[in-house]
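One structure below.
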Amino acid sequence: MTLDAHQHFWKFNAQRDTWITKKMSVIRKDFLPDQIKPLLDRHHIAGCISVQADQSEDEIAFLLSLAEQHRFIRGVVGWVDLRSENLADRLAHFSQFKKLKGFRHVVQGEPKGFLSDPAFIRGVKLLAQFGYTYDLLIYHHQLEEAVVFLEQVPEVRVVVDHIAKPSIATKAYAPWAAGMAAVAAFPNVSCKLSGMVTEAPWDNWKPGDFTPYLDRVFNVFGAQRLMYGSDWPVCLLAGSYKQQYDIVSAYIKELSVTEKLAILGENARRFYNI
């Protein structure tokens with residue numbers, strides 16, 4: 001099965017979606033299933049994983065309603081307050097929804113030390129008891145904290161979103177590369193080949209800019225723990241669906257058929273239990 005392991009839907013709300021600034025005018029509008037389905041079809045992608053963009057339980061209801069209407073939405077990654085004292089009750093409630101596969105918190109927007117919060121760690125550990133995954137959304141400068149966090153959640157299936165957002169625009173590399181090697185040392189951790197174009201200069205990048213970063217994640221994770229994701233529609237800030245897809249597809253063109261299928265869907269299918 002081919003899958004886009006990371007994309008978003010929303011009905012734009014300026015009061016709620018404050019992270020979508022005015023300079024992001026291209027995505028300050030609604031993005032819904034009918035808009036991505038032709039793009040998936042064009043690239044022979046059978047389905048997608050829809051990931052939360054708003055930190056609310058209302059987002060889960062919204063995404064699950066779309067998944068019920070559109071079979072190609074194979075899974076949903078939602079948000080729940082992982083520090084809540086009644087988290088177990090909330091997860092038990094959500095367990096009735098088979099397309100809800102895991103959860104994410106926007107850690108990239110949190111202050112230093114957030115990943116060491118005992119309540120947060122307890123919450124993430126609890127996900128494993130319900131069979132849920134955790135998407136780790138961080139910037140490159142949070143990788144050191146992420147390693148300490150990962151040491152404490154070995155039982156949880158974790159995937160690093162957007163190759164931990166290296167500063168491709170400044171060509172910063174060495175600290176990120178070391179951090180990714182440390183993260184990849186945990187066998188329960190995978191990585192998404194997503195969100196790269198928006199870490200480069202939006203209007204002035206070339207495919208070769210991503211090669212050193214792709215080299216590194218392939219070296220430390222291997223083809224069996226990497227999964228393609230578009231980060232659509234956020235990717236539109238820096239390029240079309242085809243442009244970001246072509247970066248990954250061109251890079252893997254010399255790999256075996258088995259490795260290509262793994263990266264383009266089978267790893268995500270297995271990770272999210274689809």
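For residue 39, work out the one condition from (1) aliphatic (A, V, I, L, M); (2) under 20 Å from residue 227 (Cβ atoms); (3) out of contact with any Phe, Trp or Tyr (no Cβ under 6 Å at 6 or more places or on another chain) it doesn't fulfil.
Against the list (1) aliphatic (A, V, I, L, M); (2) under 20 Å from residue 227 (Cβ atoms); (3) out of contact with any Phe, Trp or Tyr (no Cβ under 6 Å at 6 or more places or on another chain), residue 39 comes up short only on (3).
Given (1) exposed (fewer than 14 other Cβ atoms within 10 Å of the Cβ); (2) under 26 Å from residue 76 (Cβ atoms); (3) touching a residue at least 24 places away in the same chain (Cβ under 8 Å), identify the lone condition not met by residue 250.
Evaluating residue 250 over (1) exposed (fewer than 14 other Cβ atoms within 10 Å of the Cβ); (2) under 26 Å from residue 76 (Cβ atoms); (3) touching a residue at least 24 places away in the same chain (Cβ under 8 Å) leaves (2) as the failure.
Please verify whether region 205-224 includes one or more residues that are closer than 17 Å to residue 7 by Cβ, in contact (Cβ under 8 Å) with a residue 24 or more places away in the chain and touching a strand residue (DSSP E or B) at 6+ places or on another chain (Cβ under 7 Å). Give the steps one after another, and end with the answer.
Filtering region 205-224 for residues closer than 17 Å to residue 7 by Cβ gives none.
No, there is no match, as no residue in region 205-224 is closer than 17 Å to residue 7 by Cβ, in contact (Cβ under 8 Å) with a residue 24 or more places away in the chain and touching a strand residue (DSSP E or B) at 6+ places or on another chain (Cβ under 7 Å).
Would you confirm whether any residue within region 227-234 is more than 27 Å from residue 28 (Cα to Cα) and part of a helix (DSSP H, G or I)?
Among the residues of region 227-234, not one is more than 27 Å from residue 28 (Cα to Cα) and part of a helix (DSSP H, G or I), which makes the answer no.
Among (1) more than 27 Å from residue 263 (Cβ to Cβ); (2) surrounded by fewer than 21 Cβ atoms within 10 Å (Cβ to Cβ); (3) in contact with a helix residue (DSSP H, G or I) (Cβ under 6 Å, 6 or more places away or on another chain), which single condition is residue 80 missing?
(2)
Restricting attention to helices (runs of 4 or more DSSP H) lying wholly within region 44-155, give those where 3 or more residues are free of Cβ contacts under 8 Å to residues at least 60 places away in the same chain, within 30 Å of residue 249 (Cβ to Cβ) and in contact with a strand residue (DSSP E or B) (Cβ under 8 Å, 6 or more places away or on another chain).
57-69
Just one of the numbered conditions (1) touching a residue at least 40 places away in the same chain (Cβ under 8 Å); (2) outside any helix (DSSP H, G or I); (3) closer than 27 Å to residue 3 by Cβ; (4) more than 16 Å from the chain's Cα centre (by Cα) is not true of residue 186; which one?
Tallying (1) touching a residue at least 40 places away in the same chain (Cβ under 8 Å); (2) outside any helix (DSSP H, G or I); (3) closer than 27 Å to residue 3 by Cβ; (4) more than 16 Å from the chain's Cα centre (by Cα), residue 186 fails exactly one: (1).
Take the residues in region 1-39 that are hydroxyl-bearing (Ser, Thr, Tyr) and in a loop (DSSP other than H, G, I, E, B), then tell me which one is surrounded by the fewest Cβ atoms within 10 Å (Cβ to Cβ). Please lay out each step first, then the result.
Here is the first cut: in region 1-39, the ones hydroxyl-bearing (Ser, Thr, Tyr) are 2, 18, 21, 25.
Retained after the next criterion (residues that are in a loop (DSSP other than H, G, I, E, B)): 2, 18, 21.
Working: 2: 19, 18: 8, 21: 10.
Taking the candidates together, the pick is 18.
Every number in this text was worked out from the coordinates using simple rules, so none of it is lab data. Not measured: the values here are computed from a predicted model. All Cβ positions, even for glycine, are placed from backbone atoms using ideal geometry, and neighbour counts span all protein chains on display.
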